[in-house]
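What follows is calculated from the coordinates using simple rules that are stated; it is not laboratory data. Just so we're clear, the structure is a prediction, and the values are computed from it rather than from any experiment. Note: ideal-geometry Cβ built from the backbone for every residue, glycine included; neighbour counts use all protein chains shown.
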Amino acid sequence: MSDTSKKTNVQMFTRLADVYSDVTITFSDPIRVISVKAHRNILALHVPYFHNLFTFGDNLQKKEFNIPVEDAAVAELFIESLYGQRVDFTSDCCTFLHLCKLRSYLCLDIDLEQLYQVKVPAENFDLLLQVVNLPEIKLNRRLFRTIKRNVPKDYTWEGVNEDFKQEVMRKEKYIISGGKKEIKIWDLNVITEIRGEIHQEDLVSKALVKTLTGHTGWVASIVMTKDQQHIVSAGLDKSIKIWNLASGECVKTLTGHKDWIRSIVLTEDQQHIVSAGLDKSIKIWNLASGECVKTLTGHKDCISSIVLTEDQQHIISGSSDQTIKIWEAATGECVKTIIDHTDNVASIVLTKDQKHIVSAGTSKTIKIWHLASGECVKTLTGHTHYITSIVLTKDLQHIVSAGVDQTVKIWKIDTGECVKTLTGHTDLVLSIVTTEDQYIISASRNKTFKIWNIASGECVKTWTDDENSILFLALLE
C-alpha cells in the first residue's frame, strides 16, 4: 500500500470512527496502518456499527440482503469513499456484490457459494465482472457458468479480455452418470482438455461438478428437464427423485412403484413423467404435484425401456416378456402388441420419421419395426452377446448399440449395415450416449468411460471413476 493510500485511509477511518463511535481513535501507530487487515482489526475493536456490517453473514446466507438501517449509513459512506459512487444499501439489489468488494478490501472472506448463485440485472453486469476478477478469487468453471447465466443480451464485451470472454461463452457440456446410490455430473469440456492419462485426483478436483446423493439403490435412468434446471432420476429403490441442478438438492420424491424402476421419460410439455420397471407397470406422474395420475398394466414381465412418440399421443414399451406394446397416452389403453421378438427386449428408440421402432435385447440382434403395422422390416446381426443399450446419432442417420460383448457398433439405419465396430472396453458396456458434435460416450461395468469419434471410430479419451460403478449415462449440452 502506498504512503498516499495510507494517509487517505487513515483520514477516512478516523472520520468514520469520529462519527460512529464514542471512542476517539488516533491512527499514529505505524504498525496499525501498515495493512488493510490492521485497519479491519481496529474498526472491529472501536467501531461497533462497522463491526456489525461485516458480521451479519447469517443473513447473507439466507439471501436477506437488506442491511440494518443503523448500519446502512456506514456502508454507504465507506463505499463512496472507496469507489466514488453512492450506493443505497437499503434498496440496491446488488448489495451482495458491493459487499464482496468491501470484504475483499478489508481482507475478509467472500462467500463463493453465494456468488455462484447470484443473479444481477443487466445494468449491474459490469459489477459482477469486477467481483469475479478480484485478486483473491480463483476463477473456475462454476464462476464462468455464473457469469454466462447473467450476460445481458447484446452485451458488447468492450474492454474485456478475449480469452476470458471465450471461456465464459464456451458451450457447456456435461456427462451425467448414475451409479450406486448417487448421481455424478462431470464437465465434459474439462475432461476432454486434460492431456494424457486422467488420474482420479484430477478427475474429481477438476471435472466433477456435483454429486447428488439420496437414492438408496442403483440409479437406472436419468432425464433432464428442457430448461435444464432439474434432473429426474429413478432406480432400484423404487423411487423417482427430482433434483434442483443448481443446488444439488432433492426437491421431490415420488413413490408408488412396487419394484425397481428401469426407465423414465418426460413429456414434451414437461408436465408429466412416465416411468416403468420390474413391477410390469407404466405410471404417469404429474411433475408439479408428484401425484400418480395413471397406471398402465398389461405386460407380463419387467418393462426395460419406454419412449414417447413425437406427437406425445403414444407410449411405446419394451419388455422381458418379449413384446413391444403401444399405448394411447390419454386413455392408457394398449392399442398394439408386437409379439415377434424371440427374446427379452432391453432397449428401444424411435426413428426420425416416427415410422419405425428400433429394438434390441438378449437375442443379440437389432430389429426395426414398422410402427403402424407392427411388421419387422429389418434385422441387424453382428453382436456376439446380448445388447444392453441402443441410441441414435444426433443426425438420426445411424443406430449405435452396445452390449455384453464389450463392443460399441454403429449401423446405417437405411441399409442395416454395420459400418464400424469400436473395441477397447474390457468389460460389458452398460450405457451409451451421443453428442451434437458427433461423438459417442460409453460406460462399462468396470467403471470406465470412453469417448469415441463417430467418423473415425477412434477412442479419443478414456477415464475411470474409481469411486463408483456406472449403470446409466445421460448428456446435458
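Between Val335 and Asp414, how high is the FRET efficiency from 1/(1 + (r/R0)^6) when r is the Cβ-Cβ distance and R₀ = 30 Å? Nearest 0.05.
That gives a FRET efficiency of 0.65.
Do you know the Lys pair count in region 104-231 for C-alpha distances under 15 Å, with sequence separation 8 or more or different chains?
14
Order by neighbour count: Val160, Val219, fewest other Cβ atoms within 10 Å first, most last.
So the ranking, lowest neighbour count to highest, is Val160, Val219.
Based on the alpha-carbon gyration tensor of region 174-476 and its eigenvalue square roots a ≥ b ≥ c, which shape applies: rounded if a/c is under 1.5, prolate if not and a/b is larger than b/c, or oblate?
oblate
What is the packing order of peptides 388-396, 329-337, taking the mean over residues of other C-beta atoms within 10 Å and listing the highest first?
Those peptides, ordered most packed to least, come out 388-396, 329-337.
Once amide H atoms are built 1.01 Å from N in the peptide plane, which residues 5 or more positions from Gly361, or in another chain, come under 5 Å H to H?
For Gly361, whose amide H was placed from the backbone, the distant partners under 5 Å are Ala346, Ile387.
Give the peptides 418-431, 167-180, 136-149 in descending order of average Cβ contacts within 10 Å, highest first.
Per-residue mean Cβ counts within 10 Å order the peptides as 167-180, 418-431, 136-149.
Do you know the Lys pair count in region 357-452 for C-alpha distances under 25 Å, with sequence separation 8 or more or different chains?
Total qualifying Lys-Lys pairs in region 357-452 comes to 27.
Test of understanding: extend the Cα→C-beta vector of Asp311 to 7 Å, then name every residue of region 344-365 with backbone N under 17 Å from that spot.
What the label zone holds, given the 17 Å backbone N cut-off, is 350-357.
Find the centroid of the Cα atoms in region 179-193 and in region 198-255, then give the distance between the two in whole Å.
11
Taking 25 Å as R0, compute the FRET efficiency from the Cβ-Cβ separation of Asn286 and Glu249 and round it to 0.05.
Details: r = 20 Å, r/R0 = 0.81.
Rounded to the nearest 0.05, the efficiency is 0.80.
Can you list the residues of region 169-200 with backbone N under 16 Å from a point 7 Å past the Cα of Tyr155, pointing along Cα to Cβ?
Of the residues in region 169-200, 169-172 have backbone N under 16 Å from the label point off Tyr155.
Tabulate in residue order the Karplus-calculated ³J(HN,Hα) for region 381-389, using 6.51 cos²θ - 1.76 cosθ + 1.60 with θ = phi - 60°, rounded to whole Hz; enter x for Gly and Pro.
Working through the residues one at a time gives 10, x, 5, 9, 8, 5, 8, 9, 7 Hz.
May I ask you to evaluate 6.51 cos²θ - 1.76 cosθ + 1.60, the Karplus curve with θ = phi - 60°, for each residue of region 258-265 and list the ³J(HN,Hα) values in order in whole Hz, giving x for glycine and proline?
Per-residue couplings from phi come out as 9, 8, 5, 9, 9, 8, 9, 9 Hz.
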